[in-house]
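Working notes, structure below.
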Amino acid sequence: MTSSHSDRNSLSEVRAGVLRQPGLVGESLRDALTSGYDRWLIELAAPLAEQSNVALVAVGGLGRRDLAPYSDLDLVLLYDGKLNEVATLADSIWYPIWDSGVSLDHSVRTVDQAVGVARDDLKALLGLLDMRHIAGDAGLCGALRERVLEFWRANVHKRSDELHELSKLRWQVSGDAAFLLEPNLKDSRGGLRDAQALRALALAQVVDYPADVRAAQSTLLDVRGELQRLTQQDNDILRQQEQPAIAKALGGDDSDMVLRMVNESARTIDRALDRAWRRVVAQRPPSLVTSARRLLRGPFAVAPQREPLARDLVSQGGEVVLARDADPWADPLLTLRAARASAENDLPLAPFALERLATESAPLPRPWPKAALDDFVSVLSAGRRGVAVLEALDQAGLLTGLIPEWDAVRFRAQHNPVHRFTVDRHLTETASQASTLTQRVARPDLLLLGALLHDIGKGFPGGDHSEVGAVIAERIANRMGLSYGDSATVTALVRHHLLLPNTATRRDLEDPVTIATVAEAVSGSGELLDLLHALTIADALATGPAVWGEWKSGLVNELVARTHAMLGGATQRLEHVLDERGTKMAAAGVLAVQVLDEEVLVAAPDSLGVLSKAAGVLALHSLDVRSASIHTQGGMAVNAFVVEPRFGSLPEASIVRGDLARALEGTLALADRLSAKERAYRRRDGADDEPPRIQWFDDAATDATVLEIRTRDAIGLLYRVTSTLERFGVDIRSARLSSLGGAVVDAFYVTDSEGNPIPSANRRPIEEALLSV
C-alpha cells in the first residue's frame, strides 16, 4: 500500500538523513543522495506505474547522479499527448517537492515538444543529454533520449560554435578556475559546466572523454558537495574562509589543499576542452565553396598544409608542430623557439609537439645562450598570447625545466583579499600588463623579466618575500645569461617592487627625507626608477581592481617626479604651508567646512580634540580618509583631508559642519554613534584578525617621528587613534592612510608638544594605549 503525502518524509528530511550519516563524502555522498532522492520520487510517482503513456525523467545533477546537497532538482514529466489529467498528475509531484523546501526546475512535455525545445534551445538540449528514467513508462524516456542524441550527433558541428560562445561568455563573468583564489566550481573556466560540455561533445562521438577529466570532474564534485554541506545552500563559489573546513572534511590538514585540488582539476578540464574545440573545428565538414574550389583544382591538387614558422617549426591545422626532421635532443633551444613562434603567430603549440619537447629535449646550457634569452623575452612581450604559451609550457612540465624555482609558486594560494589569482598566474598576468608599458622604459627586457619574477619569493620560506625573492631572482637571472649589471637590475626590481606604492601611500611626499630614501634605494638611477614605476603599475593592474586608482596612481606619479627632480639636482624643503583657501578660512576665525572634489577642508578654533572629532564626523558620513594635513595659524586649526566615499557620494558641507559643531560642543555622542555604525557594518567574512602591529621610524621624516599602525580596518579607527594620541599630548603633523582588503596601514608624522620627535622613553604607554583602541 502506497503511503500518503502526510505520512511520507519530506525530501528535505531525506537529504538531512543522508547528511547525518557518518563518513559520507565525495562519491559516496552523491550516491547516497541520488539513491535517497530516487526512492522518494519513485514512491511519490507511484501512480505513474499504472500508466503506459507517462514518465518522470531526471535531468541535470540528479540525471547525472552527481547531485550536490542543496542543488536544484531538474525534472521533466513526459507524456504521449493523450493524457487528459496530466496537469493534475504533475501537481501531485511538484507540490510535495515545493512543500519540502527543495528548489525545483520542472516541465511537462510530450516527446515531440521536448525534441522541439532541444532543437531551439542549446541549454535545454545539453540538459536532455543527461536524462535518466525515474518512474513510469521507460519507453517514453528511451524514445526521447534516442531522438535527442540523434539530433545532437547530426548537428554538433553546427551547434558547437554556439556552445563555445556560451562558454566564453560564462568565462568572462566567472574567470578561470585554474588560477582564481575563489573560483566558481560550476561556471568558471575549467569548472563543472566545461566538464559537462566536454562530455556532450564526447556523446556526439567527435572527441574522447578521457579518464583524467573524469577524475578532475569528480574532484570538483567532491569539493562542491562539502561546500554546500558547510554553507547549507546552493552555493558554487569556493570562498577562502570556507576552504580550511572543506579540506578537513576531505581528509586534509592543509587549508591550501582544496584550492590546489580545484586549480589542478580545472587546468586538466580546460586543457582537454581546448583540445576538443580544436578537434571539432578540424573535423568540421568543408563548406560548399571549399569543396567546389577543390574540384576546380583537380584530383591531384593538394592544398598547402604546412607553412614554415622558424627553424624546425611549421604551422599545420592551426597549430605549431615540429618539422619532420626536428630533433629536440640535438637542439636544446627548440623549446623556446617553439614558444616564441606560438606567441608571435598566435597559434597554440600542438599537444604532440609539447609531448615530444617534454620527453625528448636536452637541457638548456647554463648560462642560456643569447638566442634562448631573446626567445623567452619575446614570449613575455607578446602579452596575452604570451600568457597562453607560458601556461602551455607549464602544463607540459617544460616551464619548471626552464625555471626550476617556478614549481614553488605553481597553484600557490595568496591569503590576501586584494589578490584574485594564485601566485603563478599573478606573475604571468603582471608580465602581460608590463608588455603594454615597454615603451615607457629604456630596458623593456628587464622590465618583463622583473615582472615575471617579482613575487617568486612567495614560494619560499624566510620572511619578507621581496628580500627572499631577490636572492632567487639573481640566481635565475644569472642562469639565463644576463650580464652582471642586468642581473643586478632584475634583482633590484624584485627587491624593491613595493617601494613606490608603499612609500607613496604611507609617507609624506613633501618631506625631503621621503624622496631621499627612494633615491637611495634606486642607487641614484633614473632608469631603475622608471622600471620600478612601470612594474608598480603592472603589478597593481594584475592584482585586482581595488588596487589601482586615480588616488594611488597620482601619489606614485608625484613620488616618481619628485625623485627624478632630486636625482637631477633639485633641492626640496619641508614647507607645510596653507594654500590660499586654508589661509582665508584661518583668517575668518570661525568654524567652517568646505567640500571640493575629494577634499574636505575643516577650520576650527585650535583646541584639544579638533582633529579626532573632525575624523569621527567624516567617518559618520561614510568617508574614508586617505591622507590628512594639519596646520595651525592665528589660533585656528586648519585640517585638510583627502577622502573617498565608502559608499554613496560626498555629503553637503553644511551637514558636516553642523555635526562637527555638535561634536565640538559635546552634544553629539560621537563614540557611541561610531560604535553603532561599526556594528551595523561589521565584517562577516569569518576571517581571523591578526593582532595590531605598531612601528616607530626615527629616520623617515624631517623633525618628526613616523608612527605606523597596521591593523584591521574599522569605520571609527582614525577617530580612536587620533583621540588616543591627543590624550598623550602628541601633535600630528600629517597622516597617510591606506586600506586594502580590510587591512590598513596608517602612518602618522608625530611630534611632542614642543615640536620635537617622540623620545623612545615616552613611546611604551602610547603604544599600549593604541593597541587597545
message: I'd like the carbon and sulfur percentage of the solvent accessible area for the range 348-398, probe radius 1.4 Å, heavy atoms only, ligands and nucleic acids excluded.
response: 59 percent
- request: Just flag the GluC sites (Glu not before Pro) in the range 44-151 sitting in loop per DSSP whose Cβ has no more than 16 other Cβ atoms within 10 Å.
  value: Glu85
query: Each residue of the range 13-29 in order: what ³J(HN,Hα) in whole Hz does its phi give by Karplus 6.51 cos²θ - 1.76 cosθ + 1.60, θ = phi - 60°, with x for Gly and Pro?
result: 5, 4, 4, 4, x, 5, 5, 7, 5, x, x, 8, 9, x, 5, 5, 5
query: What are the principal axis extents of the Cα atoms in the range 91-184, in Å, biggest first?
result: 45, 39, 18
- request: With θ set to phi - 60°, apply the Karplus curve 6.51 cos²θ - 1.76 cosθ + 1.60 along the range 201-212 and write out the HN-Hα couplings as whole Hz, x wherever there is a Gly or Pro.
  value: 5, 5, 5, 7, 6, 10, 9, 8, 10, x, 5, 5
Value in Å of the Kirkwood radius, where the range 319-402 supplies the Cα pairs that are averaged: 12.5 Å
- request: Could you state the accessible area per residue of the range 78-190 in Å², with a 1.4 Å probe and every protein chain left in place?
  value: 47 Å²
message: What is the percent carbon and sulfur in the accessible area of the range 11-156, measuring with a 1.4 Å probe over the protein chains and ignoring ligands?
response: 46 percent
message: Please compute the length gained on full extension between Glu665 and Thr583, using 0.36 nm multiplied by the number of residues separating them and subtracting their Cα-Cα distance.
response: 27.1 nm
- line: Carbon plus sulfur, as percent of the 1.4 Å-probe accessible area of the range 609-685, comes to 47 percent
- prompt: What longest range of the chain stays clear of loop-exposed trypsin sites (Lys or Arg not before Pro) (DSSP non-H/G/I/E/B, at most 10 other C-beta within 10 angstrom)?
  reply: 325-572
field: All-pairs alpha carbon distance profile, the range 20-71, 5 Å steps from 0, percent
entry: 4, 18, 25, 21, 14, 9, 6, 2, 0
- request: Would you mind checking which residues have amide H under 5 Å from Arg626's amide H? H placed 1.01 Å from N; only 5 or more apart, or other chain.
  value: Val642, Val643, Glu644
query: Where Rh is the Kirkwood radius over the Cα pairs of the range 143-206, the temperature 25 °C and the viscosity 0.890 mPa s, what D in µm²/s does Stokes-Einstein return?
result: 194 µm²/s
query: What does the convex hull of the Cα atoms come to per residue for the chain, in Å³?
result: 221 Å³
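What does the charge add up to near Arg440, with Lys and Arg as +1, Asp and Glu as -1, over the other residues with Cβ less than 15 Å from its Cβ? Provide the component values of the computation, followed by the final result.
Working: positive: Arg443; negative: Asp445, Glu527, Asp530, Asp539.
Net charge around Arg440: -3.
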statement: Residue-normalised value, i.e. accessible area per residue, for the range 459-595 at 1.4 Å probe, in Å², stands at 42 Å²
query: Can you give the helix-only mean residue ellipticity at 222 nm for the chain, where every DSSP H stretch with n ≥ 4 adds -39500 (n - 2.57) and the sum goes over all residues, rounded to the nearest 500 deg cm²/dmol?
result: -16000 deg cm²/dmol
query: Can you tell me the Rg and the Dmax, both Å, for the Cα atoms in the range 175-283?
result: 14.2, 46
- request: Name the residues whose placed amide hydrogens come within less than 5 Å of the amide hydrogen of Val54, ignoring near sequence neighbours (fewer than 5 apart) on the same chain.
  value: Asp137
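The values are calculated or read from the model by the stated rules, or taken from the named source; none is laboratory data. In this text the structure is predicted, and so the values were computed from the model without any measurement. Cβ: placed from backbone, ideal geometry, glycine included. Neighbour counts: every protein chain shown. Each accessible area value is taken on the protein alone, full model and side chains, heavy atoms only, with ligands, DNA and RNA left out. Shrake-Rupley method; radii C 1.70, N 1.55, O 1.52, S 1.80 Å.
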